[in-house]
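Data first, discussion second: the structure below is written as structure tokens.
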Amino acid sequence: MSRILYDGENQITNDYRAGVHQGVDVVKKWYQADAVIAHSDGEVVLVQTGMTNSPGSTGNASYGNFVKLRHEDGYYTLYAHLNTVYVNKGDKVTKGQQIGYMGQTGNAYGVHLHFEVRNQYDTRIDPTPFIDSDLPVASESAKLSYQAYDNVKKYWLPNVFMGSSDYAGNLGNAIGGIYLDKYRMRVHDKVKGYWLPWVESRDDYAGNLGNDIDGVQIEGVTYRVHIKNGSWLPWVNKVDNTSQGYAGIYGSSIDAIQIK
Ligand SMILES: [Zn+2]
């Protein structure tokens, strides 16, 4: 048993290379398949199933069947190319629990596990030091952050730390998208007049870049928005269908967001 394989000793078949191969490929010693286990206690935040082998595929499809876990200190681990997945999104898992079985779904040229470690910004880091040891401890300075897309300047504004007195936005310029670490969020598209799909962590942003946003919902935090040519609206700390369950005024463009 290793920290990621149920039965055997790890054999690394392809190393991490920044920007090229952002994980490590692992098989059980002597090139055998094995069940895959949770590296640490955590929660299943993303699962993809039903995938077949598809060499050359990109994006999430390249992972094939995969499981992504979020751990206590905010770090993530991801297990790709699985043949079978044993867990569901939202499940709590414990260190050593079987979460799937190795396969070659997605962009894989043989049966192996592609293992990733991501920091609290969902940025992939070199997993090699952590394959058989604890994940890094998130430092005080490495806080969660968010950022907004300026629809006028047409670029992403700098990241802002959650809980700081800063906000994301350029007052006077409506925003068209929001990236947010860790928390579930969705926005209301002012042009289309409806709520866009929920997004999770930094895998995606909420918004239609270029279309103004006139409503925001974020689970688990306290947040508020600023109305273009207007003022800050009250803080919101819940998500529901009432007028207190989102931040915004339908029909009024938002030009800044602040998250505690
Ligand atoms: Zn790989």
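Table: residues versus (1) in the same structural domain as residue 105 (by TED's automatic domain parsing); (2) of a type outside the set (A, V, I, L, M, F, W, C).
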position: 3; (1), (2): no, yes
position: 36; (1), (2): yes, no
position: 60; (1), (2): yes, yes
position: 72; (1), (2): yes, yes
position: 87; (1), (2): yes, no
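Out of 117, 111, 85, one residue alone is more than 16 Å from the ligand (Cβ to nearest atom) and on the phi < 0 side of the Ramachandran plot. It is 85.
Among the strands (runs of 3 or more DSSP E) confined to segment 60-149, the ones with at least 2 residues that are of a type in the set (Lys, Arg) and out of contact with any Pro (no Cβ under 7 Å at 6 or more places or on another chain) are located at 65-71. For first residues located in segment 98-113 and within 13 Å of residue 79 (Cβ to Cβ) and β-branched (Val, Ile, Thr), partners that are in a strand (DSSP E or B) and more than 10 Å from the ligand (Cβ to nearest atom) and lie 6+ apart or on another chain with Cβ distances below 6 Å form the pairs 99/36; 99/67; 105/53; 105/65. All of 135, 78 fail the test of being closer than 17 Å to residue 4 by Cα and either in contact with a Gly (Cβ under 8 Å, 6 or more places away or on another chain) or within 16 Å of the ligand (Cβ to nearest atom) (or both), apart from 78. Considering (1) closer than 26 Å to residue 200 by Cα; (2) in contact (Cβ under 8 Å) with a residue 24 or more places away in the chain; (3) within 13 Å of the ligand (Cβ to nearest atom), the lone condition that residue 15 does not fulfil carries the number (1). When segment 18-34 is filtered for residues that are more than 10 Å from the ligand (Cβ to nearest atom) and either on the phi > 0 side of the Ramachandran plot or crowded, with 18+ Cβ neighbours inside 10 Å (or both), the ones remaining, listed by number, are 19, 27, 28, 30, 31, 33, 34. For the residues 181, 240, 204, the requirement of being touching a residue at least 24 places away in the same chain (Cβ under 8 Å), among the charged types (D, E, K, R) and not assigned by TED's automatic domain parsing to the domain that holds residue 89 singles out 181. Out of curiosity, is residue 8 free of Cβ contacts under 8 Å to residues at least 60 places away in the same chain, closer than 19 Å to residue 107 by Cα and away from the ligand (no atom under 14 Å from the Cβ)? So residue 8 does not fit the description; no.
Would you point out the residue of segment 168-197, among those that are under 14 Å from residue 256 (Cα atoms) and surrounded by fewer than 21 Cβ atoms within 10 Å (Cβ to Cβ), that is nearest to the chain's Cα centre (by Cα)? Taking the candidates together, the pick is 170.
Do the conditions hold for residue 78, that is, is it in the same structural domain as residue 119 (by TED's automatic domain parsing), in contact with a helix residue (DSSP H, G or I) (Cβ under 8 Å, 6 or more places away or on another chain), under 30 Å from residue 184 (Cβ atoms) and surrounded by fewer than 19 Cβ atoms within 10 Å (Cβ to Cβ)? No. Screening the candidates 251, 207, 172 for the property of being at pLDDT 95 or above and either closer than 27 Å to residue 47 by Cα or among the basic types (Lys, Arg) (or both) yields one hit, 207.
The values are calculated or read from the model by the stated rules, or taken from the named source; none is laboratory data. None of the values given here were measured: they were computed from a predicted structure. A quick note on method: Cβ atoms are made from the backbone with ideal geometry, for glycine too, and the neighbour counts reach across all protein chains shown.
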